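A.B. asks: Dumping the structure here so I can ask a few things about it.
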Amino acid sequence: MSNPVYLALDLPRLDEAKALANRVKAHVGGIKLGLEFFCAHGHHGVHEIARIGLPIFLDLKFHDIPNTVAGAMQAIHVLEPAIVTVHASGGRAMMEDAKAAAGNGTKVVAVTMLTSLDERDLARTGVMGNAHDQVLRLAELAHIAGLDGVVCSGHEVKSVHGQWKDGFFVVPGLRLAGHGVGDQKRVVTPRQARDDGASVLVVGRPISRADDPVEAARNIEATL
Ligand SMILES: O=c1ccn([C@@H]2O[C@H](COP(=O)(O)O)[C@@H](O)[C@H]2O)c(=O)[nH]1
């Protein structure tokens, strides 16, 4: 089985990002490039990281009107990402158009509820009810819109998997027991997320900020 861990390369400097990816590449299955990286380094940066030879996950979390998101999807075709994210709260039409505009080899997955949010945060945005129900509701919408899967926390992935058997599930917010969570609020261990049905495990700071990133990546791999 291939390694489900994608390293989140949330680093401001391209040379440091490349060096880290090269150091840990034997212990991860892919590289996730997000807003921080893409805003700083754009297509050039993605090409540079892609030279390492691992699948690229562009976590750009598109959220706009359907026409604009479809245009953005077309603009990143050339980068041949394995995975791209949009926000499920952008609505069904936006997700349908995003999927239609994506390349054949690209999985389009919808962010349901960010792992940095809890139910109090949800209530402040005007959404009443619990995180679990909100994630399941948005996952159902993403499924109806024809997406490949969703991003959710490890708290919900088992239920989402239960209602969407062949879905593709990306789980961030992963920490080994006893490690600091930082800004994440809905957190589980990588092993728990995998056992509950995650297809991809996103790990950033537990590797990138570790004293020894290679050892950290190896330790996570060993728990799976
Ligand atoms: O709900 C979400 C969606 C995306 N992310 C991204 O995953 C990584 C997690 O980084 P850590 O350092 O392991 O906390 C980061 O790039 C986020 O943008 C998420 O955390 N939660």
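No value in this document is a laboratory result; all are computed from the given coordinates. Quick caveat: nothing in here was measured; it's all calculated off a predicted structure. Here Cβ is always computed from backbone atoms with ideal geometry, including for glycine, and neighbour counts include all displayed protein chains.
A.B. asks: Could you put THR125, THR112 in order, starting from the residue whose Cβ has the fewest other Cβ atoms within 10 Å?
C.D. replies: So the residues, fewest neighbours to most, are THR125, THR112.
A.B. asks: Still on this structure, please answer the following. Could you work out the per residue convex hull volume over the alpha carbons of the chain, in cubic angstrom?
C.D. replies: Given the Cα convex hull of the chain, per-residue volume reads 119 Å³.
A.B. asks: GNM, the chain, Cα, under 10 Å: largest mean-square fluctuation among ARG186, ARG92, ARG120?
C.D. replies: ARG120
A.B. asks: What's the extension gain from ALA177 to ALA100 if we count 0.36 nm per residue and subtract their Cα-Cα distance?
C.D. replies: 23.7 nm
A.B. asks: Within the stretch 99-137, list the residues whose amide N lies under 18 Å from a label point set 7 Å along Cα→Cβ of THR68.
C.D. replies: Residues 99, 101, 111 fall inside that zone.
A.B. asks: Mind giving me the FRET efficiency for GLU140 and ASP15? R0 is 35 Å, r the Cβ-Cβ distance, nearest 0.05 is fine.
C.D. replies: Working from the Cβ atoms, E equals 0.20.
A.B. asks: What 222 nm value per residue comes from the helices of the chain, counting each DSSP H run with n ≥ 4 as -39,500 (n - 2.57) and dividing by all residues, nearest 500 deg cm²/dmol?
C.D. replies: Only helices count here, giving -12500 deg cm²/dmol.
A.B. asks: Which lysines have a Cα less than 20 Å from the Cα of LYS99, not counting those fewer than 8 places away in the same chain?
C.D. replies: By straight Cα distance, LYS99 reaches LYS32, LYS61, LYS107, LYS165.
A.B. asks: Let me ask something else about it. How much net charge surrounds THR223 when only the other residues with a Cβ under 11 Å from the Cβ of THR223 are counted, with Lys and Arg +1 and Asp and Glu -1?
C.D. replies: Summing Lys and Arg as +1 and Asp and Glu as -1 gives +1.
A.B. asks: Grab the other residues whose beta carbon is less than 13 angstrom from that of PHE38, score K and R as +1, D and E as -1, and report the net.
C.D. replies: Local net charge: -2.
A.B. asks: Can you list the residues of the stretch 10-27 with backbone N under 16 Å from a point 7 Å past the Cα of GLU48, pointing along Cα to Cβ?
C.D. replies: 10-23
A.B. asks: I've got another one for you. Leaving out same-chain residues fewer than 8 places away, which aspartates and glutamates sit with a Cα under 16 Å from that of LYS185?
C.D. replies: Reachable aspartates and glutamates: ASP118, GLU119, ASP121, GLU156.
A.B. asks: OK, next. Which of these, LEU58, LEU201, LEU117, has the largest mean-square fluctuation under a Gaussian network model of the chain (Cα springs below 10 Å)?
C.D. replies: Most flexible of the set in this elastic network: LEU117.
A.B. asks: Here's something else I'd like to know. Please build a GNM for the chain, connecting alpha carbons under 10 Å apart, and tell me which residue among GLY126, GLY167, GLY45 fluctuates the most.
C.D. replies: GLY126
A.B. asks: Still on this model: With just the Cα atoms defining each centre, how far is the stretch 13-44 from the stretch 54-133? Give it in Å.
C.D. replies: 20
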